[in-house]
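The values are calculated or read from the model by the stated rules, or taken from the named source; none is laboratory data. Keep in mind it's a predicted model, so treat the numbers as computed, not measured. FYI the Cβ positions are ideal-geometry reconstructions off the backbone, even for glycines, and counts take in every protein chain you see.
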Ligand SMILES: [Zn+2]
């Protein structure tokens, strides 16, 4: 197993990187427990091994955290400038709704 690769997000198996020589590209894929993995999962072809590994290791939660960090920074900046308006707050709430992060109705007060 390649130590720098996260495990397959579907089966938890090992991942590998291969060079697609005909395209001069690299692709990361699920290699461990390949007979048990329910899906065939691999990245697109990238120009370097490092880029293929970075793409493989990028998970949805990483992107959501990045988006939320940006939203919070922008809201703080707008608040400090005194122009945090309802429209921007609604954009933030729309994002949470789209990502299924609006909270549980069971915990709503
Ligand atoms: Zn897998």
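Of note:
- Selection from the stretch 26-51 of residues that are touching a residue at least 24 places away in the same chain (Cβ under 8 Å) and away from the ligand (no atom under 16 Å from the Cβ): 26, 45, 49, 51
Condition check ((1) modelled with pLDDT of 95 or more; (2) part of a loop (DSSP other than H, G, I, E, B); (3) touching a strand residue (DSSP E or B) at 6+ places or on another chain (Cβ under 7 Å); (4) under 21 Å from residue 10 (Cα atoms)) across all residues:
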| residue | (1), (2), (3), (4) |
| --- | --- |
| 33 | no, yes, no, yes |
| 40 | no, yes, no, yes |
| 62 | no, no, no, yes |
| 66 | no, no, no, no |
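- Being within 15 Å of the chain's Cα centre (by Cα) and surrounded by fewer than 12 Cβ atoms within 10 Å (Cβ to Cβ) is a property that residue 62 has.
- Condition broken by residue 55, with the remaining ones in (1) outside any loop (DSSP other than H, G, I, E, B); (2) loosely packed, with under 12 Cβ neighbours inside 10 Å satisfied: (2)
- Between 22, 108, the distinction of being part of a helix (DSSP H, G or I), surrounded by fewer than 10 Cβ atoms within 10 Å (Cβ to Cβ) and at pLDDT below 90 belongs to 22 only.
- Answer residue from the stretch 43-52, given it is within 12 Å of residue 5 (Cβ to Cβ) and in contact with a strand residue (DSSP E or B) (Cβ under 6 Å, 6 or more places away or on another chain) and is surrounded by the fewest Cβ atoms within 10 Å (Cβ to Cβ) among those: 49
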